[in-house]
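Presented below is the structure to which this report refers.
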Amino acid sequence: MDAMAKTSTTTQGLRTAIERSGYYPALVAEAVEAAVGGEPIRSYLVHQETTFDQNEVRRHVTVLVLTGNRFIVSHTDEQAADTTSPTPYATTSTESVKLGRISSVVVSRVVANPEQYKPGTLPREVVLTIGWGAVSRLDLEPAACGDPNCEADHGYTGSSTADDLSLRVSEAGDGPETVRQALAFAQAISEATADVTR
């Protein structure tokens, strides 16, 4: 398959995945396609999540797209009518990140019965965390010395963690195909960021 045919297939696959999510597909597709522009798509992941907020059901869709030069993140949320809008509404946003800015790609896999694990077995759950320095979480705690009787103020100690995007998919909640797609996307973005640093 030549590069042009592969790009067309990948673009159509992304559109199909957005439509399959059933979550305002015209709105989501338009936002994602505008962000991607004319760049060929290397990999993508569409994840729809439903949450329960008191007595409201809210849906959220995240679309991740990898091109040759960029990582694109799109989030779309629906909101109930409120004081700012008399009718329900949706908010969609996209962020475009140059691949060279991505500082970490973390893939956590949860497997059942690890003593019986066979290579190639699909994990029960995958958490993909990608950091590029836009959002960091700072965890602080009081510093202490080794003396249990010391009452001096030793300041604070802590750690900073990149927390730009964390996405969890599970076989039970999202289906095995979404878990496979998450792993494929994680591998593609890991390889792409490794290429940039060479």
**Request:** Return the residue satisfying two criteria in turn: it lies in region 171-189 and is of a type in the set (A, V, I, L, M) and closer than 16 Å to residue 120 by Cβ, and of such residues it is most open to solvent (accessible area, probe 1.4 Å).
**Result:** 184
**Asked** Across region 92-123, what is the number of residues that are assigned to a loop (DSSP other than H, G, I, E, B), among the β-branched types (Val, Ile, Thr), touching a residue at least 12 places away in the same chain (Cβ under 8 Å) and over 30 Å from residue 36 (Cα atoms)?
**Response** 1
**Prompt:** What single numbered condition from (1) under 17 Å from residue 183 (Cα atoms); (2) part of a helix (DSSP H, G or I) fails to hold for residue 42?
**Reply:** (2)
**Message:** I'm trying to understand the selection: among the residues of region 48-91, which are among the hydroxyl-bearing types (Ser, Thr, Tyr) and either open to solvent by 50 Å² or more (accessible area, probe 1.4 Å) or without any contact (Cβ under 8 Å) to a residue 60 or more places away in the chain (or both)?
**Reply:** 50, 51, 67, 74, 76, 83, 84, 85, 87, 89, 91
**Asked** When you look at residue 141, is it at pLDDT below 80, open to solvent by 60 Å² or more (accessible area, probe 1.4 Å) and charged (D, E, K, R), yes or no?
**Response** yes
**Asked** Residues in region 53-66: is at least one in contact with a Lys or Arg (Cβ under 7 Å, 6 or more places away or on another chain) and modelled with pLDDT under 95?
**Response** no
**Complete:** Of (1) open to solvent by 40 Å² or more (accessible area, probe 1.4 Å); (2) at pLDDT 75 or above; (3) within 21 Å of residue 74 (Cα to Cα); (4) not in a strand (DSSP E or B), residue 147 satisfies every one except (3)
**Message:** One residue is enough: does region 76-95 have a residue meeting the conditions at pLDDT 90 or above, closer than 14 Å to residue 45 by Cα and not hydroxyl-bearing (Ser, Thr, Tyr)?
**Reply:** no
**Message:** Here is a check on your reading of the model: is residue 29 surrounded by 12 or more Cβ atoms within 10 Å (Cβ to Cβ) and in contact with a helix residue (DSSP H, G or I) (Cβ under 6 Å, 6 or more places away or on another chain)?
**Reply:** yes
**Fill in**
Only one of (1) open to solvent by less than 40 Å² (accessible area, probe 1.4 Å); (2) at pLDDT below 95; (3) farther than 23 Å from residue 174 by Cα does not apply to residue 13, and that is (3)
**Prompt:** Out of the residues in region 92-102 that are touching a helix residue (DSSP H, G or I) at 6+ places or on another chain (Cβ under 6 Å) and of a type in the set (A, V, I, L, M), which is surrounded by the most Cβ atoms within 10 Å (Cβ to Cβ)?
**Reply:** 102
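The values are calculated or read from the model by the stated rules, or taken from the named source; none is laboratory data. What you see is a predicted model, and the numbers here were worked out from it, not measured in a lab. Neighbour counts run over all protein chains shown; Cβ positions are idealised from the backbone, glycine included. Surface areas here come from the heavy atoms of the whole protein model, side chains and all, with no ligands, DNA or RNA. Shrake-Rupley method; radii C 1.70, N 1.55, O 1.52, S 1.80 Å.
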